[in-house]
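Student: Structure incoming, see below.
Since every read-out is calculated from the coordinates, none of them should be taken as a lab result. Here the structure is a predicted model, which is why all the values come from computation and not from measurement. Cβ placement follows ideal geometry from the backbone for every residue including glycine, while neighbour counts extend to all protein chains displayed.
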Amino acid sequence: MNYKIDGHIVDSVELKCLVVSRGLKIDREVYRKCGKDFRIYPNALTCNSFKLPDGTIVMATDLGIHLSTLSSMFSWDNLKLFRYMNDMTTDFRLSLVEGQPSLRYKGEIITPVQLMQASDFYRQKTRSGMPFAGNAVLQGCDWVAFQCLWPCEYACAGKPCQFCFSGGQFEALAHRKKPMPFIPSPADVSEVVLYAVEHDGVNSMQLTGGSTFRAETEEKYITAYLEDMKISGALDSLKNELLLYITPPERHDVIDRYFEMGASRIACSLEVWDDKLAESITPGKRSFTTKQRHLDALTYIAGKYGPGKSFSNFIIGLEPFETLKEGAAWLAERGVIPSASVWMPFGKPVNGSMKPASLDYFRRTKEMLAELYLKYNLEPSGCCGLNVCIERDIWRLATGAPCC
């Protein structure tokens, strides 16, 4: 399906990239009239999204609410953010048009959109009293995601990934010698998964935490979560996929144990391929883990468990297209999926910039990844896709695969 933006004809993947990278404004009327029946809340912790007519799922980041939340999280850096205020604007808007939620651009209607059905997920607490909100999110139709279950030790040491909101929070807390955020227990995680499956139709899960200096530390966390999920039935309740995002260990038998315990695929994400840029954008990963250790783990998985069983995320918009293409091709040739999350620059400048990528950049990236996925038969995970990641959307567009 095609849409018109500034005189350009764009497809659903390209429109998603533009909306995700630029954010949007959501009319109060949308929250007021749709909030009871649909998953659209004036709360940055709820991971709002909508569907385009062909089923493509798009993150709906309300810039006003997002920036207010960031200000409270990063009060130590508020003065620095003022210099970027002119960049924190958007021409996209979510409004009601004759009662139908619709995406606008510069006042013009682009397309009607579909909101996700209402859920009580974010009102829930586990038996221990842990609130779901702030600890887990629903992503689109299929996913429950735990995006940072334990603190990032690289960030606490002053080397967070520049684009990472959680990393910035951990760095600030460590600098001020404040306690780290609460770490959900294995029982908490299992309860959230079981609730999401039973009440929200979730069939897949993302599990990740912060990078750790010692593989044993992370292995202890992940093992405890997976063991409790097995005992509680949460693992068996997932009918599609369990994705693990890990710090690549030096010993690959750790990876073998994760697969034995139920992991579907494992990510060791480089985020940026260009070595010079990575030194400043992902300093902890390059200093403490190294690029080679990521590549060794990824190719080990692909070699032992087959193509498509490992993947490395790239933050789309952070590096020149040429180096992104080089890295994506290197991985794909070896059976590793180069996955793609669109950079959301608002609120977290990278190397002094908050300028999102151009339509041409997104278009070239989409076409390049589609070619690699088809050439090497690398099918990204999921069914309908994720809020910010575009690899499944690219696969669906290239193959004509339906959204479940």
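Student: Hey, can you rank 133-145, 106-118, 236-248 by average C-beta count inside 10 Å, highest first?
Tutor: Values: 133-145: 23.2, 106-118: 14.5, 236-248: 19.5.
With the highest mean Cβ count within 10 Å placed first, the list reads 133-145, 236-248, 106-118.
Student: In what order do K309, K366, K36 fall by count of nearby beta-carbon atoms within 10 Å, going from fewest to most?
Tutor: K36, K309, K366
Student: In what order do V192, V350, V342 fall by count of nearby beta-carbon atoms within 10 Å, going from fewest to most?
Tutor: V350, V192, V342
Student: Could you calculate the contour length gain from E279 to I109, that is, 0.36 nm times the residue separation minus the distance between their Cα atoms, to one decimal place in nm?
Tutor: 57.0 nm
Student: Follow-up question, since we're still on this one. If you take P(r) over Cα pairs in 10 Å bins from 0, in percent from the coordinates, which of (i) 5, 21, 30, 26, 14, 4, 0, 0; (ii) 5, 20, 28, 24, 15, 7, 2, 0; (iii) 5, 23, 35, 29, 9, 0 do you get?
Tutor: (iii)
Student: Counting other beta carbons within 10 Å of each residue's own, what order do L52, L194 fall into, fewest first?
Tutor: By the 10 Å Cβ count, ascending: L194, L52.
Student: Among M59, M368, M205, which one moves the most in a GNM of the chain with springs linking Cα atoms closer than 10 Å?
Tutor: Per the Cα network of the chain with a 10 Å cutoff, M368 tops the list.
Student: Between R363 and H8, what is the label-point separation in nm under the 7 Å Cα-to-beta-carbon projection?
Tutor: Between H8 and R363, the label points sit 0.6 nm apart.
Student: When Lys and Arg each count +1 and Asp and Glu each count -1, what net charge do the other residues less than 12 Å away from V20, Cβ to Cβ, add up to?
Tutor: Spelling it out: positives minus negatives among the neighbours equals 0.
Student: Tell me the mean residue ellipticity at 222 nm calculated for the chain from its helices only (DSSP H runs of n ≥ 4, each -39500 (n - 2.57), averaged over every residue, nearest 500).
Tutor: About -11500 deg cm²/dmol.
Student: Subtracting the Cα-Cα distance from 0.36 nm times the residue separation, let me have the gained length for R28 to W330 in nm, one decimal.
Tutor: Difference between extended and current length: 104.1 nm.
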